[in-house]
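This report concerns only the one structure given below.
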Amino acid sequence: MAPMVKWGLPLVAVAALIIVFCLRSGERELRLGFTGCISGRSANLGIDGRDGAMLAVMEANSRGGVNGRRLKLLVRDNGLDPEKAVASVNFLIAKGVKALVGPMTSSMAMAVLPQINASHLPIMAPTASSDDLSGRDDWFFRVYNSSGADAAILAGYMYNRLGHNRACVLYDLANRVHTESWSNAFAAAFTALGGAAPYRITFNSRGDRPDYAAIVARIGKHCPDCLVILANSLDTAMFIQQLLRLAKRPDHIVASEWSASDDVIVLGGRSVEGMVFFRSYDPAFTGREFVRFKAAFRRVFGRAPGFAAVKAYDAASVLIRTLASGVKPAAIKAAILSSRGFPGLQGRLVFDRYGDIHQPHIMMTIHGGRFVPMAEDTP
């Protein structure tokens, strides 16, 4: 038998060093979490958000990570179910994430808020907008305007610019925290301007498929000037296709940004032409960083980013920049609140003392199979 090599360390010592190195490598890994609806009828929202956050993490790692530590994004699906949302956050907390991106809807944000506050874990929501989340001194942040502010602006646009005084609001109870808050704010603003109290119709996208034809028949019975839809892109497209069967249709169909994705165009086809959307960003924006982001997103994921990807990228970037500044995870909240703002893809992101944000809006329509700004001479 050949003699053992005399130089080097014994095998036991080498094995011990390997174990220590692996442990230290694990310690050097900095974990962020993502929770969103990446299955079910609103999956496009969650998938887009997940990919936006993932791109921010990938780019940070390409620059060397955060102070020499590699970032890892842990993803959990909440299925737009409150119990699953709570379970997803518990899982991510147990895995040692330092902050969370998500959830993508207001209902899920409200569901996980107690455990987020109890654990002092910062959470940055890309697209949750309910007024119920506003004005709270908590660990919840968002890069999206509140429902009340946006709904009031849209009510003014419909009444003053489009000339409507009879509106109907159709909304999904599966995301009730968002849709009911939005509907209430819209109704209050619309009637204050002089419009009639909006007729409201609800449905629930969880469980059985909505009876699109029956619901649209109810809309036709009331003959509103304008219909506001608060739903995911799939259900929005299905409702609008059914609306084509009405003898008298609303003059304008308006939707919140929840359904403002390319999916509504693909699924709705020509039926969604002329829809009006209240949007928080311009997909045709020519700023250098946004153009770079769109090219990178398409290169990595093979498609154009939707609004949820834009917002999730911004949300993840705020957390990454805060950690990169040398702030310990426990001090993330204070650091964000004391900051003068962060660079976003379409403007600076400035948080108020409650972690809310206030950004300009854009009115857009679908023309020729793509989103374009509303013309200034729109009646």
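The values are calculated or read from the model by the stated rules, or taken from the named source; none is laboratory data. Computed from a predicted structure; not experimentally measured. Glycine also receives a Cβ, built like all others from the backbone with ideal geometry; neighbour counts cover every protein chain displayed.
Pick from region 15-49 the residues that are among the aliphatic types (A, V, I, L, M) and modelled with pLDDT of 50 or more: which of them is surrounded by the most Cβ atoms within 10 Å (Cβ to Cβ)?
Among them, the one singled out is 45.
So, in region 337-363, of the ones that are of a type in the set (D, E, K, R) and not in a strand (DSSP E or B), which residue ends up nearest to residue 281 (Cα to Cα)?
This residue is 356.
From the list 149, 196, exactly one residue is of a type in the set (A, V, I, L, M, F, W, C), touching a residue at least 12 places away in the same chain (Cβ under 8 Å) and in contact with a strand residue (DSSP E or B) (Cβ under 9 Å, 6 or more places away or on another chain). Which is it?
Going through 149, 196 in turn, just one is of a type in the set (A, V, I, L, M, F, W, C), touching a residue at least 12 places away in the same chain (Cβ under 8 Å) and in contact with a strand residue (DSSP E or B) (Cβ under 9 Å, 6 or more places away or on another chain): 196.
Can you report the number of residues in region 70-113 which are of a type in the set (D, E, K, R) and closer than 9 Å to residue 36 by Cβ?
2
Taking the conditions exactly as written (closer than 24 Å to residue 156 by Cα, surrounded by 17 or more Cβ atoms within 10 Å (Cβ to Cβ) and touching a residue at least 12 places away in the same chain (Cβ under 8 Å)), does residue 250 satisfy them or not?
yes
Answer with yes or no whether residue 66 is in contact with a helix residue (DSSP H, G or I) (Cβ under 6 Å, 6 or more places away or on another chain), free of Cβ contacts under 8 Å to residues at least 60 places away in the same chain and not assigned by TED's automatic domain parsing to the domain that holds residue 171.
It is false that residue 66 is in contact with a helix residue (DSSP H, G or I) (Cβ under 6 Å, 6 or more places away or on another chain), free of Cβ contacts under 8 Å to residues at least 60 places away in the same chain and not assigned by TED's automatic domain parsing to the domain that holds residue 171.
Given the structure, is residue 177 among the β-branched types (Val, Ile, Thr) and modelled with pLDDT of 95 or more?
No; evaluated as a whole, the condition is false for this residue.
Criterion first (surrounded by fewer than 24 Cβ atoms within 10 Å (Cβ to Cβ), among the basic types (Lys, Arg) and modelled with pLDDT of 95 or more) does residue 328 satisfy it?
So residue 328 does not fit the description; no.
Enumerate the helices (runs of 4 or more DSSP H) found wholly within region 225-312, keeping only those where 1 or more residues are in contact with a Ser or Thr (Cβ under 6 Å, 6 or more places away or on another chain).
Here the list reads 233-243, 262-268.
This table checks each residue for (1) exposed (fewer than 14 other Cβ atoms within 10 Å of the Cβ); (2) at pLDDT below 95; (3) not hydroxyl-bearing (Ser, Thr, Tyr).
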position: 170; (1), (2), (3): no, no, yes
position: 197; (1), (2), (3): yes, no, yes
position: 204; (1), (2), (3): yes, yes, yes
position: 210; (1), (2), (3): no, yes, yes
position: 236; (1), (2), (3): no, no, no
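Please state which of the following conditions residue 128 fails to meet, knowing it meets all the rest: (1) out of contact with any Gly (no Cβ under 7 Å at 6 or more places or on another chain); (2) crowded, with 20+ Cβ neighbours inside 10 Å; (3) under 15 Å from residue 33 (Cα atoms); (4) of a type in the set (Gly, Ala, Ser).
(3)
Between 176, 209, 136, which is outside the structural domain of residue 32 (by TED's automatic domain parsing), more than 18 Å from the chain's Cα centre (by Cα) and either assigned to a loop (DSSP other than H, G, I, E, B) or closer than 24 Å to residue 237 by Cα (or both)?
Of the residues listed, the single one that is outside the structural domain of residue 32 (by TED's automatic domain parsing), more than 18 Å from the chain's Cα centre (by Cα) and either assigned to a loop (DSSP other than H, G, I, E, B) or closer than 24 Å to residue 237 by Cα (or both) is 209.
So residue 143 fits all but one of (1) touching an Asp or Glu at 6+ places or on another chain (Cβ under 6 Å); (2) among the aliphatic types (A, V, I, L, M); (3) over 20 Å from residue 364 (Cβ atoms); what number is the exception?
That leaves (3) as the condition not met.
Would you tally the residues in region 212-224 being assigned to a loop (DSSP other than H, G, I, E, B) and buried (at least 18 other Cβ atoms within 10 Å of the Cβ)?
Adding up the residues that qualify gives 1.
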